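Remarks on the structure that follows.
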Amino acid sequence: MPEGRLFLERRSYRLRRIMDALRMLPFLGALLWIVVPAMWPNGDDGAVPIALSTALWYVFSVWLLAITASFALWRKTRDRIDADAARSAD
Amino acid sequence: MVTLNLLIGVCLVYVAGLFLVAFLAERAALRGRGGWLLRSPLVYTLSLSIYCTAWTFYGAVGYAARSGLEYVTIYLGPSLVMIGWWWVLRRLVRIGRAQRVTSVADLISARYGKSNLLAVMVTIMAVVGVTPYIALQLQSVTLSVSIFASHEAGSGQEAQIADNAAFWVAAGLALFTVLFGTRNLNANERHHGVVIAVAVEAVVKLVALLAVGVFVVWGLSGGVSQTLERIDTSQIATWHTGGGRWTALIILSAAALVCLPRMFQVMVVENDDERHLQIASWAFPLYLMAMSLFVVPIAVVGLELMPAGTNPDLYVLTVPLSQGQNGLAMLAFLGGFSSATSMVIVATLALSTMMSNHIVMPLWLKLGETGAQQSGDVRDVVIRARRLSILLIISLGYLYYRASGGSGALAAIGLVSFGGVAQFLPALLGGIFWRGATRIGAVAGLSVGFVIWLYTMLLPSFGPDAALSAAVFDHGLLGVGLLRPEALFGITGLDPVVHAVWWSLSLNTLFFFVVSIFSFPTPLERLQGAQYVNVFDHSSGPARGWSASEGGAEDLMIMSQRILGATEAQAFFVAHALQQGRVGAPPVPTPEFVQALERELAASVGAATANAMIGQIIGGQAISVEDLMAVADESAQILEYSSQLETKSRQLTETARELSRANEKLTQLSLQKDNFLSQISHELRTPMTSIRSFSEILRDVDELRSAEKTRYASIIHSEAIRLTRLLDDLLDLSVLENGEVSLNARQVNLRVVIDQAVTTAQASSSRQIEIKRKLRAEEVDLFTDSDRLAQVFINLVTNAIKYCDASNPVLTIAVRQQEEDLIVAFIDNGSGIPPDAQSVIFEKFARLGRGEGEGAGLGLAICREIITRLGGEIRYVQKESGGSFEVRLVRTTPQVGAQRLLPA
């Protein structure tokens, strides 16, 4: 039945894009956690350094987002990842 | 007030509880129960929390009090690695399971051709790197005990009490690790007792830190917003971490999560199910976040409340104590105690596995006179080696603690330790992602990284004039300014951690890469490299490696019994014998079986040792020549495969061409048969018609002269003869084809046979042809049937006379000798036979269109049958001068000739 097949293809297509997201997540995390704080003014060059409470908010917000994203991706991909990982390795 | 005795009592109860939990878990696992808990992702995630040691429990607060938010890097790196589990950890866990890896040293050594040198290097580096860390845990426990002691005793007794505490804690940890860490030899099986105890401790330390945090935020500060205000007015109100240091610390802690032996132990070796890793990918960062959530508030409140000079590393304890919260302080103490003990237990377990597998066992094997083949139980040796290693490592940690005098901030020692184990990273990642990585490259990279780490990180960490003299700090090694330990190559101004991490890791990677590129791996390395890098392609693929003889099974059995235990070894052998379809007999040591056995042994004693032990027994080449050929180069494999394909397709094309040729021939034959049938009916009908007509005339016409009667009767006669000849030919052919002909072989002279044939042929033919012969060449004696041979020659000469279309027909009969054979060629000067007819002229009923209806197309078919019977061959060769029939005859002695003539 063509409708059924279309549905399945959409699903596996979606799964692959979720896998892409899964693979990209650590890079996004690195960008937000490493690159951004590394560029904050720290008082060395005379600029007013950023407040610690702000930094705290930022780091922990990113953390919470990363955990939430990781959890959501796990919910979407569990049980299917092994079967699909080999095929979508490219 | 918490008395010291109460503290010790609570500690003892807590430890006893841990022993009980571990014991119950072991027993449940032994009885096959409680799997839902023991093998749950929750326990897996909690066991990962040994990443959070006393350093993070106490030290993070101290770190935050000194450097603000910098402490959080230690948690961010691992969080990133866990969130990115798909890239590295998934691969490590799969490899660990597929190769039955027992430790990080085992993983690296197995990857690089099961090299024991590498295993020893990694083990030594791990011991050197982790020993300070173990000392750090003991130090944190004694520090925390001394806090309680100082409340009670005079200041003189504190040191004494602390030292005692360190000793008893070390002894207790050694006992626990020996009890629950060496119960089963197979390091690849989970240490359920240890894991469950570690999980319980993970909960305790998290609850303790959260409790102190909640007390500080809501109990002391009055809420979240007030706490943030306090932060903004504190000593650490602003961000002052350099970008380089921030990045270096995150990278360092990320590397440490992968490389630390204890993390490898819980993450890879103790992993039960790869799906647990997926769950840990969000659960473990959550745990880390919870652990670090209240660190800054506690630090800020501690800085505010505690008198100057108080050790900020102990704010977690001293802040509740100063507020009279003894219960909370006790909980915090237990949290720190848990962090310290769980780390020491697992780290010691991991290190002792490495030490016994890679240093003690190989030495024992080498020193033992008969090696692996002597009788007695090796298991005792392995277990004793492991227990000894545990004691040795904890003693080393204790001695280091005593020697260093508990100096230095906790965080600094932790970072030094991270820097040491991070040196494994290039060899580890290179090994699992890059097939070009070689053993020599790994050795080079590790050595360079280790030396730089020693010189720029470990030795300077003791301070000037301790391990390195102040002169070396100021002027470099041997006075060379470029070799200053904190300013290599004259680059000053870098943060010491950034400096050390940058130079050690970058030069490590560079040497690893360059040496790998210029060296060539051994076959075993290449095999392992392929298995590691392509682990998802063939993690359950066919095993290769050993070529064993049947006689080795007994010896293998004896050795396995001593390592695996008699029952397990027998079960293993029986299972494999059954797989091979053998009942009541030992399994044949096929390469697959030996490989499986090696993996099984490797789980107990490590890859390099297992390889060496099997090597002692099999004694042979670890890899067969075919394997070598197969892995010599994938390109060779691909080439081989494509050339096979090519050959096959060529064969197919060839077959197809032959088929179409055969088909063409068949079609032609069928056409000829049809033609012949119509021909033969015509041939039969023509004489039949004239016979009928003339016989009717003779019967019905009365007035016939006698001359006419004679003429008609002779026509009837000659037509009857023609019919007879036709039928004779058919009969002759049929007899020849059915092999019913009897040959009358004797010694004959070829010239005589040709003479006879030429005479007969010329006599029966009206056309004239010039015949050229070389009589001297014809003077050859043959052992054959001269009548049959003459029949063939007559046919050939007659054909030439009949069909040679030259105006002045000439037939050359040439005789030549070729080795044992004699070739008689009948060459005419006509236009020859058209190419499309050449393939069928020897077939029955074949007639060339131009024939005058003289023959029925049976002559050449008969010729071929006769010559075949005579053991020769006849073929048609188109020459420029005309057609040529070549008859190849055997010229041998009568005896051999008689044999070669086919039986009648």
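The values are calculated or read from the model by the stated rules, or taken from the named source; none is laboratory data. Computed from a predicted model, the values in this text were never measured in an experiment. Every residue, glycine as well, gets a Cβ built from its backbone with ideal geometry; the counts of neighbours run over all protein chains shown.
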- Message: Can you list the helices (runs of 4 or more DSSP H) lying wholly within segment B:755-844 that have 1 or more residues being aromatic (F, W, Y) and at pLDDT below 85?
- Response: B:786-803
- Just name the residue that is surrounded by the fewest Cβ atoms within 10 Å (Cβ to Cβ) out of those in segment B:659-688 that are charged (D, E, K, R) and in contact (Cβ under 8 Å) with a residue 40 or more places away in the chain. B:K665
- What number of residues in segment A:56-75 are loosely packed, with under 15 Cβ neighbours inside 10 Å and either over 29 Å from B:T227 (Cα atoms) or more than 9 Å from chain B (Cβ to nearest Cβ) (or both)? 4
- Task: Would you point out which residue out of B:L252, B:L288 is more than 8 Å from every other protein chain (Cβ to nearest Cβ) and more than 16 Å from B:A422 (Cα to Cα)?
- Result: B:L288
- Item | Criterion violated by B:W87 - all others in (1) part of a helix (DSSP H, G or I); (2) within 14 Å of another protein chain (Cβ to nearest Cβ) satisfied | (1)
- Task: Tell me, please, whether a residue that is under 34 Å from the mean Cα position of the chain (by Cα) and within 30 Å of B:S281 (Cβ to Cβ) can be found in segment B:8-31.
- Result: yes
- Could you list, in sequence order, the residues of segment A:1-54 that are modelled with pLDDT under 80 and either within 10 Å of chain B (Cβ to nearest Cβ) or under 16 Å from B:W239 (Cα atoms) (or both)? A:N42, A:G43, A:D44, A:D45, A:G46, A:A47, A:V48
- Task: Pick out the one residue from B:M267, B:M289 that is surrounded by fewer than 24 Cβ atoms within 10 Å (Cβ to Cβ) and part of a helix (DSSP H, G or I).
- Result: B:M289
- Item | Condition check for B:I231: in a helix (DSSP H, G or I), under 22 Å from B:P312 (Cα atoms), of a type outside the set (S, T, N, Q) and within 9 Å of another protein chain (Cβ to nearest Cβ) | yes
- Query: How many of the residues making up segment B:90-127 are among the polar types (S, T, N, Q) and either part of a helix (DSSP H, G or I) or surrounded by fewer than 24 Cβ atoms within 10 Å (Cβ to Cβ) (or both)?
  - Reply: 4
- Which numbered condition B:M306 fails, given (1) within 13 Å of chain A (Cβ to nearest Cβ); (2) touching a helix residue (DSSP H, G or I) at 6+ places or on another chain (Cβ under 7 Å); (3) free of Cβ contacts under 8 Å to residues at least 40 places away in the same chain: (1)
- Could you say which residue among B:I134, B:I147 is surrounded by fewer than 24 Cβ atoms within 10 Å (Cβ to Cβ), among the β-branched types (V, I, T) and away from chain A (no Cβ under 14 Å)? B:I147
- Give just the number: which of (1) among the hydrophobic types (A, V, I, L, M, F, W, C); (2) within 24 Å of B:G397 (Cβ to Cβ); (3) within 14 Å of chain A (Cβ to nearest Cβ); (4) within 33 Å of the chain's Cα centre (by Cα) does B:A60 not satisfy? (4)
